[in-house]
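Notes follow once the structure below has been shown.
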Amino acid sequence: MKVRITEDLIEWYRINQRDLPWRHTKNAYYIWISEIMLQQTRVETVIDYYKRFLSFFPTLKDLAEAKEDVLLKAWEGLGYYSRVRNMQKTAQILLNHGMMTLPNKESELLALPGIGPYTAGAILSIAYDIPSVAIDGNVYRVLGRVYEVKDSINKPKATRIYKEIMDSLLPNKEASFFTQSFMDLGSSICTPKQPKCELCPLHDKCLAFKHKSVELYPVKEKKKMQRVENRIVFLFVYQDRVAICKRENKGLLASLYEFPNELLTDSSLEDILKEKKIEYNFISRLEDTKHVFSHIIWNLQAYYISVLEPNGEYKWVTKEELQNAYSLSSAFSKYVKFFMER
Ligand code: SF4
């Protein structure tokens, strides 16, 4: 029988919880949006996006009926666009079934696009106060350390082990506080580096603290190396317009716009432009940038090219259009900024 930490966590959360906009509501639609945004994005960044997104789509119906360009624009900067596409699919499914919010049954939630066990557990516990486990990186870290769990969190077996621990800790009430206590403890006290164990409500029960082995937990195997791609980016500019193009509707950054770019090869810039039938006044080299995706790293070498004629292959957009009507990946944000400020 593992030592019980539930009451300590809830008590600590009651006093120390962070004041966040989605904590002023029990509306499952709002809580769902916050949870999807919080995947892979820091809380401080999410706050403004959350408010803005809800001003665009205050109800599930608004989200279901949104035009794709408006939807992607509202998500611009958050990355991982499949998240917002799945949210819209889910909203459309629910609306087609006459529902105006998320269901309160785990099996129904798990049947919806983009909702896995973590999000389902978070919605059930936070919005509906139904005892339900939501296991994310914070839970792995806190439990991995408190109980010195030896199994690697990247292995499928770990999911079962951590789930069993969480099931044994689940309170009958205050499920919302229980789930959120891990989020706050994990981000403010039991942090990945230099945890503040002396301030932790669990330090008298934590095995890793007792054994001075905190840095060994949670056990994690090294990630695979990311693939590196060196790419050349073109800011083709004609008068007050810049050229953009749309990516394919599947794969990395699906359906987003981008500045024309391609893999860097041995071909000279002159040859590439000749092949593209681009005639120009002048060229200037821009600052190189790097963008890290989960599995690929892009090293970008960019050129500002003032062209003589707009090439029909691209969309030629003004600053205003670029700002308001098209969503570009944040991989290009430095070059967007450059064009906007020129
Ligand atoms: S005592 Fe330290 S390592 Fe253990 S749960 Fe608390 S902060 Fe984490």
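Please state the shape class of the stretch 6-216: rounded when a/c is under 1.5, otherwise prolate if a/b exceeds b/c and oblate if not, all from the C-alpha gyration tensor. It comes out prolate by the Cα gyration axes.
Any idea what diffusion coefficient the stretch 198-278 gets from Stokes-Einstein, in µm²/s, Kirkwood Rh on alpha carbon pairs, 20 °C, 1.002 mPa s? All intermediate terms of the calculation are to be shown ahead of the outcome.
On the way: Rh = 18.1 Å.
Using the Kirkwood radius from Cα pairs, D works out to 118 µm²/s.
Database remark: amide H of Tyr280 closer than 5 angstrom to the amide H of Leu308 (H placed geometrically; neighbours at sequence offset of 5 or more, or on other chains; Pro and chain starts carry no H).
Which shape class applies to the stretch 280-333: rounded if a/c is under 1.5, otherwise prolate when a/b exceeds b/c and oblate if not, where a ≥ b ≥ c are the square roots of the Cα gyration tensor eigenvalues? Cα axes put the stretch 280-333 in the oblate bin.
Note on Asp266 and Tyr80: the extension gain reaches 63.8 nm, defined as 0.36 nm multiplied by sequence separation minus the Cα-Cα distance.
Take every pair of alpha-carbon atoms less than 8 Å apart whose residues are at least six positions apart; their mean separation over the length of the stretch 1-131 yields a relative contact order of 26 percent. Using the Cβ of Asp69 as centre and a radius below 13 Å, the other residues enclosed give a net charge of +2, where K and R count +1 and D and E count -1.
Here the stretch 312-334 is scanned for amide nitrogen atoms under 14 Å from the site 7 Å beyond the Cα of Thr45 along Cα-to-Cβ, giving 329-334. Ranked by the mean number of other Cβ atoms within 10 Å per residue, highest first, peptides 131-141, 101-111 order as 131-141, 101-111.
Below 8 Å, C-alpha to C-alpha, sequence gap of six or more: please give me the relative contact order for the chain in percent.
On the way: 488 pairs, mean separation 57.4, N = 342.
Value for the chain: 17 percent.
Using R₀ = 45 Å, calculate the FRET efficiency as 1/(1 + (r/R₀)^6) where r is the Cβ-Cβ separation of Glu198 and Lys246; round to 0.05. List each step's numbers first, then the result.
Values: r = 53 Å, r/R0 = 1.18.
Once rounded, the FRET efficiency stands at 0.25.
Where a number appears in this text, it was derived from the coordinates with a stated rule and is not lab data. Values in this document were obtained by computation on a predicted structure and should not be read as measured data. In this analysis, Cβ positions are derived from the backbone assuming ideal geometry, glycine residues included, and neighbour counts consider all displayed protein chains.
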